[in-house]
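This report concerns only the one structure given below.
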Amino acid sequence: MNTITPEHNGSGLRIGIVQARFTNPIGAQLVKACTERLVKLGVKDSDITLATVPGALEVPLVLQSMARSGKFDALVAIGVVIRGETYHFELVSNEAAAGVSRVSLDHQIPIANAILTTENDAQALARMYNKGSEAAVVAVEMANLLKAQY
């Protein structure tokens, strides 16, 4: 059996990040955790591009534009959707996630989805560092996997 082992060396990879600014303090910390981890994995700071959009529903459109550009090996979606008292939470969460997946499959580019969907601010605060950091690892690993000769 030929087994492809996970590769977390980000040297030479170009990563695009799209951050939803709604709930920006938490999103900014997600970006910080993600970019710090990308650099630790070997991605040059100059090979990381950050674009911001108003909210989670706008993230897929910019991911699509980045994917079409051919300039990136992987992308990261960052944002926070916190449950409120209306159905809006489900709509935004579901549509943002579906859009991210659709862009990834349509353009055959890995996208680490770090759009947090939580019940409250406390849950988002508790998850922001780990989720941002994990997204960096996912982006690098998946970019390397798709580049592998198998």
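The values are calculated or read from the model by the stated rules, or taken from the named source; none is laboratory data. Source: prediction; values computed, not measured. For neighbour counting, all protein chains shown are included, and Cβ atoms are generated from backbone atoms with ideal geometry for every residue, glycine included. These area figures cover heavy atoms from the full protein model, side chains too; ligands, DNA and RNA do not enter into them. Shrake-Rupley method; radii C 1.70, N 1.55, O 1.52, S 1.80 Å.
Key figures for this structure:
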{"read-out": "Answer label, with Rg and Dmax of the Cα atoms in Å calculated from the coordinates and candidates (1) 15.9, 59; (2) 24.4, 101; (3) 14.9, 52", "value": "(3)"}
{"read-out": "Highest-first arrangement of 58-67, 96-105, where packing means the average Cβ count within 10 Å", "value": "58-67, 96-105"}
{"read-out": "Calculated FRET value between Phe89 and Ala28, using beta carbons and R₀ = 22 Å, to 0.05", "value": "0.55"}
{"read-out": "Gyration tensor verdict on region 12-61 (Cα atoms; rounded if a/c is under 1.5, prolate if a/b is larger than b/c, oblate otherwise)", "value": "oblate"}
{"read-out": "Solvent-accessible area, 1.4 Å probe, carbon plus sulfur percent, for region 1-125", "value": "51"}
{"read-out": "Lysines whose Cα lies under 19 Å from that of Lys40, excluding same-chain neighbours fewer than 8 positions away", "value": "Lys32, Lys131"}
{"read-out": "FRET efficiency for Asn9 and Leu61, using Cβ-Cβ distance with R0 set to 41 Å, rounded to 0.05", "value": "0.85"}
